[in-house]
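**Q** I have a structure here, written as structure tokens, and I will follow up with some questions on it.
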Amino acid sequence: MFDPSDKPRLFGLPPGADFPSHLVDGLIERAAHFGPDLLGRTTLIVNTRRMARRIRALFDAGPPGLVPRIRLVTDLGEDMALSRIPAPVSPLQRRLELIPLVRALMEQEPDIAPRAALFDLADSLARVFDEMRGEGVSFDAIRDLDVSAHSDHWARALKFLTIVDAVEDDTPVPDPSARMRMVAEALAKDWETTPPDGPVIVAGSTGSRGATNLLMQAVARLPQGAVVLPGFDFDLPHAVWERNLNDALTGEDHPQYRFGRLMATLGLKPRDVARWRSTDQNDARNRLLSLAMRPAPVTNQWLTEGPQLRDLDVAMRGVTLLEAPSAREEAQAIALRLRKSAEDGQRAALITPDRLLARQVKAALDRWDILPDDSAGEPLSLTPPGRFLRQVAELWHSDGTAGDLLALLKHPLCHSGADRGPHLVLSRALELELRRNGPPFPDADTIRRFAAERPEAIAPAWADWVIRLARPVADQVMTLSDRLDHLIVRAEALSRGSTADTDGRLWLGTAGEGVQAKIADLIEAAPVTGEIGPQDFSNMLNAVLRGAEDRDSTTPHPDILIWGTLEARVQGADLVILGGLNEGTWPEMPPPDPWLNRTMRAQAGLLLPERTIGLSAHDFQQAAAAPEVWITRALRGSEAETVASRWLNRLTNLLTGLGASGQGELAAARARGAEWLHLVEALDRVDSVPPAPRPSPSPPPAARPRKLSVTQIKTLIRDPYAIYAREVLRLSRLDPLMKEPDALERGTKLHKVMEVFVPQVTEDPSLLTEDHLIAVTREVLGEEVPWAEARILWLAKMARNAAALIDGERNRQAAGHPVGYEVGGRATLSGTGFDLTAKADRIDLDANGNALIYDYKTGQMSSPNAQMSFDLQLLLMAAMAERAAFHQIDPRHVVRAAFVGLGSDTKEVDAPLDKISSDEVWARFEGLIRRYLDDGQPFTARRAMFKSTDQSDYDHLARYGEWDIATPARKEPVE
């Protein structure tokens, strides 16, 4: 297949060429001169299964003939001839082996990382060891590193690396990268004496890994061996290859650096790299991209070589630059273009490392029932089985909140064996019960009481099932194997349900099978880990599932594709969309290495972090040379403005500096993108809808409320619409699932403190002390408040206010004697059938038999002026007391009514009884109620709010925001 040569053979295909297609065509053309059996004796080594499938598909498409043996780099060690090399250890097992060591380090050095990073830290450590063995770097090179000029952190990390090397089991089982290197070295040695009979070709790899690089060198030196490089830049000047791509510290991030290193290892020059075959691509664009991507030290060549570029119109033909205002509009524009490709029968691919953008594009395409072929899939941790297992694992360290319980019960895989309908009915009824009555941390008794009141036949068994399986588990010391066994048993029982004898749907579907396979891998490797805590177990499970993916089994659209950046090397498409071209997304920033910094890696001979940037740069150069290409980015992210990718910046800066021709082509590319943004705007445009009017409903008299409490009168005055929504429409705010220790809850509990404290000190005045008040507070909070932090905080606030509260209570005790607590009252307006209700926190009687009414407040207290016009609570209760409206309290003259502060403000605010008599208050109240009982009086929304920023529970119902307080209300009769 190849002419004899005294040099290693390197071939290349330029960026923009469909690599698999030209590779196959070149093989067929070369084999045609040597007989039909040559292809059958050829071994083709590629680095991804996706490329192997594409090559096989191209051969299957014809013409008829023999097909070469297509091998993966990772499969080479499976031959019988290499059986002497032991099989590699599971990567997962290697990571689990390191967990006890990393855990010991974190216990000794807690500042090295948060506990949640245990598995990630072990994973990064395993990657370092794997890389060392794959690159052939010994621990001696690590030990000899000079860290005197570095911080203590790196010295500590280096010390730990050497300790781990010393205590690791000296087993002959290699890591996967180490075994690949052993395979490459063994093949190179065997081929020196007995080369393969047929041609051997390595195609599509950049040689960025040490083992692959060794294999490529060995194949290139074979008598009938060759390496075919993807996206080789034939336009890069020889001087750049020689001077700027020979140092990793300065050239690692260049797209052609790995090719330069391979050529240097083989003793070749760029001119020794031959074209695999003649190809048809946009050479003008390749020259433009080659110049734009020059290494940083020689970007001054733009000034000399830029003016020599010709055919800029040809280079930029088919290039669209779309700069969207937001990521959503970017995704919408991409989806519109992909939809047009689907209509035109054009093969189109979105290439992006931004998975969020990919998901947004998929969601937008769903609008037209287009399912793209997404190469990435979805992390197993986000699939229904993965989420379910993570929720079950969290039971070992859960607080047992109502939210956690219901999230588990309402999961689609929970109780999926049988009777799922009754299970959902019970779960939703339990949610309403917990929202209304709590508690925030439901226990077994709560669930049993709830089930006892339900009519469903499965309720008793269901309650026992929930108590046994869905509530927090008392943790104990357990090994990883035991935790996995318990996890599976509990998860399967929860998925099966309370009545089913058959298994649930936990392991069904591709996602279920994928999660089950990962759990099986964990079980196999678990014995090496030993004991593990519940939080560490949850974090580890999440990390393991996050590292694997599930692909939708639904048949996708054959010509609408979403690829990662790697696929840019191995696939071909008529239209390529490079999405998310922002710094930090493309290229992605290299993950931080907590063990070795950049300088230490360079000294030891390891790969630099810029390696990933260089690979991304190569992917960009390859993809941007497609026949038709879109380059898209969002000008603003979710929080701030974005920065264009360095490669896009280079391209736009170069074009801008090329004068009118370059600036014109750049403007044309932007204009093409702007046209699609206009289409997005048109797609999102909706018909103008007039804003909602300010509601002012007027229901018939029979529907108007006939009972209100004294605290609702202020609402009736300030926001009548809220009374209409609550009392007429019978709408009430949905209580939160998890009660919070908010101001309302604090007020309720401090009221309870005073209910207990005041009767005690009334009976025994010696208890009127700060210590006793604090003791009562501690007892009440301990019984009533389930939040430890809130108990501590509220007790501390009570301790600060105790002296003022005791002084105030001493004065109140001197003024009168308490005769009632939480005293209910009801007064009926004559001739209307309207009832006014009240509950007085406390009623005292003075020596003359006059009443004193106190209402405890933890929030802001209304001033006397506000009470005259709006907050009539105290004035109305005084009027009710004089009318014998309170139970078991005779008519009394009220000499005082006051708010008593229990919050940060402990003062007392009196009602203005000296300015307005009870008769006058009652007369005003009667007039107010009679007006609102008449069908001519509407319930206007936000009629007289104290502040425009005040919120109502019914603002969303009134569509407040479409109107404001300056909008006139329009009376609307309601039937």
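Please treat every number below as a calculation from the coordinates, not as lab data. All values reported here derive from a predicted model rather than from experimental measurement. Ideal geometry is used to build each Cβ from the backbone, glycine not excepted, and the neighbour counts take in all protein chains shown.
**Q** Which angle from 0 to 90°, rounded to the nearest 10, does the C-alpha axis of helix 91-108 make with the longest principal axis of the chain?
**A** Once rounded, one gets 50 degrees.
**Q** Taking neighbour Cβ counts within 10 Å as the exposure measure, how do Tyr932, Tyr721 sort from fewest upward?
**A** Details: Tyr932 20, Tyr721 25.
By the 10 Å Cβ count, ascending, the order reads Tyr932, Tyr721.
**Q** From the alpha carbon gyration tensor of region 380-550, can you work out the equivalent ellipsoid semi-axes (sqrt of 5 times each eigenvalue) and give them in Å, largest to smallest?
**A** Working: eigenvalues 160, 64, 35 Å².
Its equivalent ellipsoid spans semi-axes of 28, 18, 13 Å.
**Q** Over region 410-548, what is the mean sequence separation of C-alpha contacts under 8 Å (at least six apart), divided by residue count, expressed as relative contact order in percent?
**A** Numbers: 118 pairs, mean separation 46.1, N = 139.
Relative contact order for region 410-548 comes out at 33 percent.
**Q** Still on this structure: Take Thr212, Thr304 and order them by how many other Cβ atoms sit within 10 Å, fewest up front.
**A** Working: Thr212 24, Thr304 8.
Taking fewest neighbouring Cβ atoms as first place, the list is Thr304, Thr212.
**Q** Just name one of Ser326, Val314, Ala348: the one whose Cα is farthest towards the positive end of the charge dipole of region 298-352 (beta-carbon charges, Lys/Arg +1, Asp/Glu -1).
**A** Working it through, the farthest residue towards the positive pole turns out to be Ala348.
**Q** Multiplying the sequence separation of Glu453 and Asp485 by 0.36 nm and subtracting their Cα-Cα distance, what value in nm do you get?
**A** Gain in length upon complete extension: 8.0 nm.
**Q** Using only DSSP helix segments of four residues or longer, with each worth -39500 (n - 2.57), what per-residue ellipticity at 222 nm results for the chain after dividing by its residue count and rounding to 500?
**A** Values: 38 runs with 458 residues, N = 975.
Estimated from H runs of four or more residues: -14500 deg cm²/dmol.
**Q** Over all directions, how big on average is the projection of the convex hull of the alpha-carbon atoms in region 826-869, in square nanometres?
**A** 5.1
**Q** Of the cross-linked pairs Lys752/Lys857; Lys714/Lys839; Lys739/Lys907; Lys749/Lys839, which ones have a Cα-Cα span greater than 24 Å in the structure shown? Spell out each step's value before the answer.
**A** On the way: Lys752/Lys857 12 Å; Lys714/Lys839 15 Å; Lys739/Lys907 29 Å; Lys749/Lys839 16 Å.
Beyond 24 Å between Cα atoms: Lys739/Lys907.
**Q** Same structure again: For the chain, what relative contact order do you get, as a whole percent, if you take Cα pairs closer than 8 Å and at least 6 residues apart?
**A** Relative contact order here is 14 percent.
**Q** Counting Lys and Arg as +1 and Asp and Glu as -1, each charge on the Cβ, what is the dipole of the chain about the Cα centre in debye, to the nearest 20?
**A** Numbers: 114 positive and 138 negative charges, 347 e Å.
Here the size comes out at about 1660 debye.
**Q** Pop a pseudo-label 7 angstrom from the Cα along the beta-carbon direction at both Trp368 and Arg84 and give the gap in nm to one decimal.
**A** 6.0
**Q** Which FRET efficiency, nearest 0.05, do Lys269 and Thr656 yield, Cβ-Cβ r, R0 51 Å? Please report the intermediate quantities before stating the final value.
**A** Values: r = 34 Å, r/R0 = 0.67.
After rounding to 0.05, the efficiency reads 0.90.
**Q** May I ask you to derive the FRET efficiency for Ala407 and Ala116 from their Cβ-Cβ distance with R0 = 30 Å, giving the value to the nearest 0.05?
**A** Numbers: r = 20 Å, r/R0 = 0.67.
Using R0 = 30 Å, I get an efficiency of 0.90.
**Q** Once both axes come from the Cα atoms, what is the angle between helix 743-763 and the longest principal axis of the chain, in degrees from 0 to 90, rounded to 10?
**A** Here the helix axis deviates by roughly 40 degrees.
**Q** Fewest first, what order do Glu131, Glu908 take by the number of other Cβ atoms within 10 Å?
**A** Numbers: Glu131 20, Glu908 16.
Going from sparsest to densest Cβ surroundings: Glu908, Glu131.
**Q** OK, next. What FRET efficiency, computed as 1/(1 + (r/R0)^6) with R0 = 60 Å and r the Cβ-Cβ distance, is obtained for Ala602 and Asp60, rounded to the nearest 0.05? Before the final figure, lay out the partial values.
**A** Details: r = 46 Å, r/R0 = 0.77.
For R0 = 60 Å, the calculated efficiency reads 0.85.
**Q** Roughly speaking, what is the stretch gain from Val477 to Ser148, that is 0.36 nm per residue apart minus the C-alpha to C-alpha distance, in nm to one decimal? Don't jump to the answer; show the numbers that get you there.
**A** Values: separation 329, 0.36 × 329 = 118.44 nm, distance 4.15 nm.
Length gained between Val477 and Ser148: 114.3 nm.
**Q** Treating cross-link reach as a plain straight distance, find the lysines whose alpha-carbon is under 20 Å from the alpha-carbon of Lys269, omitting any fewer than eight places away in the same chain.
**A** The reachable lysines, counting only those whose Cα sits under 20 Å from Lys269, are Lys7.
**Q** Compare the Cα positions of Leu98, Pro114, Ser148 along the charge dipole of region 91-173 (+1 at Cβ of Lys, Arg; -1 at Cβ of Asp, Glu; about the Cα centre) and return the one farthest towards the positive end.
**A** Result: Pro114, furthest along the dipole toward the positive end.
**Q** Can you give me the distance in nm between label points at His893 and Ala444, each placed 7 Å from the Cα along the Cα-to-Cβ direction?
**A** In this crude spin-label approximation the distance works out to 6.2 nm.
**Q** Here's another thing I want to ask about it. Once you have the Cα-Cα distance between Ala703 and His33, take 0.36 nm times their residue separation minus that, and quote the gain in nm to one decimal.
**A** On the way: separation 670, 0.36 × 670 = 241.20 nm, distance 9.67 nm.
Separation in residues times 0.36 nm, less the Cα-Cα distance, equals 231.5 nm.
**Q** Then there is this: Please name whichever of Gly662, Pro736, Val89 sits farthest to the positive end of the charge dipole of the chain, dipole taken about the Cα centre and charges placed at Cβ: Lys and Arg +1, Asp and Glu -1.
**A** Going by the Cα projections, it comes out as Gly662.
**Q** With a point put 7 Å past each Cα toward its Cβ, work out how far Ser830 is from Ser21 in nm, to one decimal.
**A** Those two pseudo-labels are separated by 9.8 nm.
**Q** Run the numbers on region 562-627 and let me know its relative contact order in percent, using alpha-carbon pairs under 8 Å that are six or more apart.
**A** Numbers: 39 pairs, mean separation 35.8, N = 66.
Relative contact order here is 54 percent.
**Q** Which ³J(HN,Hα) values, rounded to whole Hz and listed in residue order, are derived for region 712-718 from phi using the Karplus coefficients 6.51, -1.76 and 1.60 in 6.51 cos²θ - 1.76 cosθ + 1.60 with θ = phi - 60°, glycine and proline given as x?
**A** For region 712-718, the Karplus-derived couplings read 7, 5, 4, 5, 4, 7, 7 Hz, x marking Gly and Pro.
**Q** Looking only at the chain, where both bridge partners belong to it, what percent of the DSSP beta bridges are antiparallel (to the nearest 5)?
**A** Close to 30 percent.
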